[in-house]
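Below: one structure, written as structure tokens.
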Amino acid sequence: MTSLHDTSVRGFASDNYSGIHPEVLAAITAANDGHQTAYGSDVYTARLQELVGEHFGAGAEAFPVFNGTGANVTALQSMLPRWGAVIAASTAHINVDEGGAPERVGGIKILNVPTDDGKLTPELIDREAWGWGDEHRAQPLVVSITQSTELGTVYSPDELRTIADHVHERGMRLHMDGARIANAAAALGLPLRAITRDVGVDVLSFGGTKNGAMLGEAIVVLDPAASEGLTYLRKLNMQLSSKMRFVSAQLVALLENDLWRRNAEHANGMAQRLRSAVEAGISDGSVRGVAFTQPTQANGVFAVLPEGVADRLRESFRFYDWDEARREVRWMCSFDTSTSDVDAFVAELARLTTA
Ligand SMILES: Cc1ncc(COP(=O)(O)O)c(C=O)c1O
């Protein structure tokens, strides 16, 4: 088969618009020959378990799955009884971007809290952390936070520790949606365990896809007491891959030789370059009417554009509206975003805002 798409078309729509990192693709090929036991009893999944132990600490257990929604729903189901509820930011992927799967597939009530920057705090959690023992209220037993957040912000280790302590003191458990955990760890210059296990996260949805995998994430159980029945729930939720060696091989490639960090550092660096270039343009007048709505701490840039600019800019580069009513857009950078992508994009933004 020949390529069916124009490979010169690039953009800032999402970190899953990019392809597969060559080292991940090579790992899939390396895992390909011969036969291996299906459903996870293969040497690549065993190697993944070893690496998860190295990165997250002994005893951490990985359950490879197909996608992030599956990881989140299955992880949360394993943490909650039938009557349980999860507290999350209103911007959380589980609240707005999973098609109702937590509710409809997981049977989980989400208690969502508005935030300024996608980050929960103890005070924000307490808006919904009440009513235990009241049979009329779904019981808030898990808090889910996203790192880095859907708004491109990053929780510091201190913020995470404070949240985890707060959550645990109230008898709840902490889940982290780590679809972009690599970006957060790279931004903070910390190992993965420093912003997960070491600060009290109980169960993590570990992201591979946005970090250069073709497909594949893993539920990583950091405290076995916080999660039950994942072996069965993963199958029940249609997230058990028969050819699991290929999901695991991708995650192995990311976790070996710090490819996860190299990819995330690159994506974060491109977002910084984009932001700095636009800021420089605002200062010298070559970019007009653009304002940022969030700090750029990982690989996403959020900005408000003058009327009509987004659609014209989209004629050359794909990206999404974030909040159409206030003309807010999201620009995401990926492991394969190049400096020339960024520079061409900023040049076109400058042209359109000064035309
Ligand atoms: C914060 C967050 N969580 C989870 C996911 C995973 O979603 P998917 O089910 O598309 O893999 C995404 C992808 O957009 C995300 O941004």
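Every number here is computed from the coordinates shown, using simple stated rules; none is lab data. All of these numbers come straight from a predicted model, not from anything done at the bench. Counting neighbours? That spans all protein chains shown, and the Cβs are built from the backbone with ideal geometry, glycine included.
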Within 10 Å of each residue's Cβ, count the other Cβ atoms and sort L25, L80 from fewest upward.
L25, L80
Report the residue, chosen from A303, A30, A92, that carries the largest GNM mean-square fluctuation when the chain is represented by alpha-carbon nodes joined by springs under 10 Å.
A30
Within the stretch 161-269, list the GluC sites (Glu not before Pro) lying in a DSSP loop whose Cβ has at most 15 other Cβ atoms in a 10 Å radius.
E228
Test of understanding: ordering D42, D202 by Cβ neighbours within 10 Å, fewest first, what list do you get?
D42, D202
Got the relative contact order for the stretch 260-354 handy, in percent, Cα pairs under 8 Å and 6 or more residues apart?
37 percent
Cα lying deepest toward the dipole's positive end in the chain, options T209, I145, T37, charges on Cβ
T37
Given unit charges at Cβ for Lys, Arg (+) and Asp, Glu (-), the dipole magnitude of the stretch 1-81 about its Cα centre in debye, nearest 20, is 180 debye
Kindly provide log₁₀ I(q)/I(0) values, in the same order as q = 0.10, 0.11, 0.16 Å⁻¹, from the Debye equation applied to equal alpha-carbon scatterers of the stretch 1-155.
-0.54, -0.64, -1.10
Cα convex hull volume per residue for the stretch 32-89 (Å³):
135 Å³
Shape of the stretch 132-264, Cα gyration tensor, a/c cut at 1.5
oblate
Quick one: if you stick a label point 7 Å off each Cα along the C-beta vector at K235 and R137, how many nm between them?
3.8 nm
Pop out the ³J(HN,Hα) list for the stretch 215-226 in order, Karplus 6.51 cos²θ - 1.76 cosθ + 1.60 with θ = phi - 60°, rounded to Hz; leave Gly and Pro as x.
7, x, 9, 9, 7, 10, 8, 9, 10, x, 6, 8
Give the percent of DSSP beta bridges with both residues in the chain that are antiparallel, rounded to the nearest 5.
50 percent
Can you give the Rg and Dmax of the stretch 260-354 based on its C-alpha atoms, in angstrom?
12.5, 39
Ranked H168, H136, criterion: other C-beta atoms within 10 Å, fewest first
H136, H168
What nm value, rounded to one decimal, do you get for the distance between D343 and S41 when each label is placed 7 Å out toward the C-beta?
5.5 nm
Residues with amide H under 5 Å from that of V65, placed H, sequence gap 5 or more
E217, A218, I219
Using only alpha carbon pairs under 8 Å that are at least six residues apart, calculate the relative contact order of the chain and give it in whole percent.
23 percent
Computed over all unlike Cα pairs, the Kirkwood hydrodynamic radius of the chain in Å stands at 21.0 Å
Taking springs between alpha-carbon atoms closer than 10 angstrom, which of M79, M238, M176 fluctuates most in the Gaussian network model of the chain?
M238
Could you tell me how many cubic angstrom of Cα convex hull volume the stretch 193-326 has per residue?
180 Å³
